[in-house]
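Working notes for the structure below.
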Amino acid sequence: EAGVVQSPRYKIIEKKQPVAFWCNPISGHNTLYWYLQNLGQGPELLIRYENEEAVDDSQLPKDRFSAERLKGVDSTLKIQPAELGDSAVYLCASSFNAYSGGNTGELFFGEGSRLTVL
Amino acid sequence: TQLLEQSPQFLSIQEGENLTVYCNSSSVFSSLQWYRQEPGEGPVLLVTVVTGGEVKKLKRLTFQFGDARKDSSLHITAAQPGDTGLYLCAGEEAFYAGGTSYGKLTFGQGTILTVHP
């Protein structure tokens, strides 16, 4: 079975340019996460979807970041305009939560999209 | 949101040595997960601990959840170069949205382990 697929793996852009990342989660996983990870640090949650609903976007810088998961399957994360400080790895993860209120199950991560802003 | 402190931040050891990584918080977790991440890859789950005082073993790795469920440790016996990577703990707390309860994971800053042959 295919894992979480992300694209592109690498992206280099100049500051003020837009960029978009795409994620296809594991089939059947209802929960999708976007994380930001700086080098040698732990992932920081940007947004979490339960099916097509964003249930936690409190850490998403909404002035320049946006995300969508229109059909509750794949998702896109966009940055416009990008700033130098946005250089990082953007990780997508998915999980299957059988019911609300239970412990979070295993998160399956993609390989990440490494963004370099010049 | 809970803050998770991992220590040490960096660990460089020789093959065959033992090591322990710590994950601490002042808050109580409902569960705690440990992940390992290799360069250029996403984190991969090693174990989930749920019960206070719980000990789980995975080959040469031993995971312990504190009695009060505020802290956890990962002990590696006879480390090997293949153990090299970023070790992350992630604590879970309840999160409420739209009247529904979810579990929310918060990751520590990680421990970078390098095992030299």
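The values are calculated or read from the model by the stated rules, or taken from the named source; none is laboratory data. This one's a predicted model, so the numbers in the text were calculated from it and none came from an experiment. Don't worry about glycine lacking a Cβ; one is built from the backbone with ideal geometry, like all the others, and counts go over all protein chains shown. The protein model used for the area step is the full one, side chains on, heavy atoms only, and it has no ligands, DNA or RNA in it. Shrake-Rupley method; radii C 1.70, N 1.55, O 1.52, S 1.80 Å.
Could you identify the single residue in B:Gly99, B:Gly108, B:Gly103 that is within 23 Å of A:Gln41 (Cα to Cα) and modelled with pLDDT under 95?
Result of the check over B:Gly99, B:Gly108, B:Gly103: B:Gly103.
Kindly evaluate A:Gly42 against the criterion of being without any contact (Cβ under 8 Å) to a residue 12 or more places away in the chain, closer than 22 Å to B:Tyr35 by Cβ and of a type outside the set (A, V, I, L, M, F, W, C).
So A:Gly42 passes the test.
With the checklist (1) over 14 Å from A:Asn30 (Cα atoms); (2) surrounded by fewer than 17 Cβ atoms within 10 Å (Cβ to Cβ) in hand, flag the one item A:Glu53 doesn't pass.
With respect to (1) over 14 Å from A:Asn30 (Cα atoms); (2) surrounded by fewer than 17 Cβ atoms within 10 Å (Cβ to Cβ), A:Glu53 is out only on (1).
Select from segment A:68-99 the residues that are among the aliphatic types (A, V, I, L, M), open to solvent by 30 Å² or more (accessible area, probe 1.4 Å) and more than 13 Å from every other protein chain (Cβ to nearest Cβ) and list them in ascending order.
A:Leu70, A:Val73, A:Leu84 - these are the residues of segment A:68-99 that are among the aliphatic types (A, V, I, L, M), open to solvent by 30 Å² or more (accessible area, probe 1.4 Å) and more than 13 Å from every other protein chain (Cβ to nearest Cβ).
Which one is nearest to A:Gly3 (Cα to Cα), of the residues in segment B:22-33 that are within 13 Å of chain A (Cβ to nearest Cβ) and in a strand (DSSP E or B)?
B:Gln33
May I ask you to say which residue of A:Val73, A:Val4, A:Val19 is under 21 Å from A:Leu118 (Cβ atoms) and in contact (Cβ under 8 Å) with a residue 12 or more places away in the chain?
A:Val19
Among (1) loosely packed, with under 15 Cβ neighbours inside 10 Å; (2) within 20 Å of B:Gly98 (Cβ to Cβ); (3) of a type outside the set (A, V, I, L, M), where does A:Thr104 come up short?
With (1) loosely packed, with under 15 Cβ neighbours inside 10 Å; (2) within 20 Å of B:Gly98 (Cβ to Cβ); (3) of a type outside the set (A, V, I, L, M) applied to A:Thr104, the lone miss is (1).
Going through segment A:56-67 one residue at a time, which ones are assigned to a strand (DSSP E or B) and open to solvent by 20 Å² or more (accessible area, probe 1.4 Å)? Before the answer, list the steps.
So in segment A:56-67, the residues assigned to a strand (DSSP E or B) come out as A:56, A:65-67.
Within segment A:56-67, A:Ser66, A:Ala67 meet the criteria.
For residues that are among the small types (Gly, Ala, Ser), open to solvent by 60 Å² or more (accessible area, probe 1.4 Å) and either touching a strand residue (DSSP E or B) at 6+ places or on another chain (Cβ under 9 Å) or assigned to a strand (DSSP E or B) (or both), tally how many sit in segment A:1-27.
Residues of segment A:1-27 that are among the small types (Gly, Ala, Ser), as a first pass: A:2-3, A:7, A:20, A:27.
Imposing the further condition that a residue be open to solvent by 60 Å² or more (accessible area, probe 1.4 Å) reduces the set to A:2, A:27.
Filter once more, keeping what is either touching a strand residue (DSSP E or B) at 6+ places or on another chain (Cβ under 9 Å) or assigned to a strand (DSSP E or B) (or both): A:2.
Matching residues across segment A:1-27 total 1.
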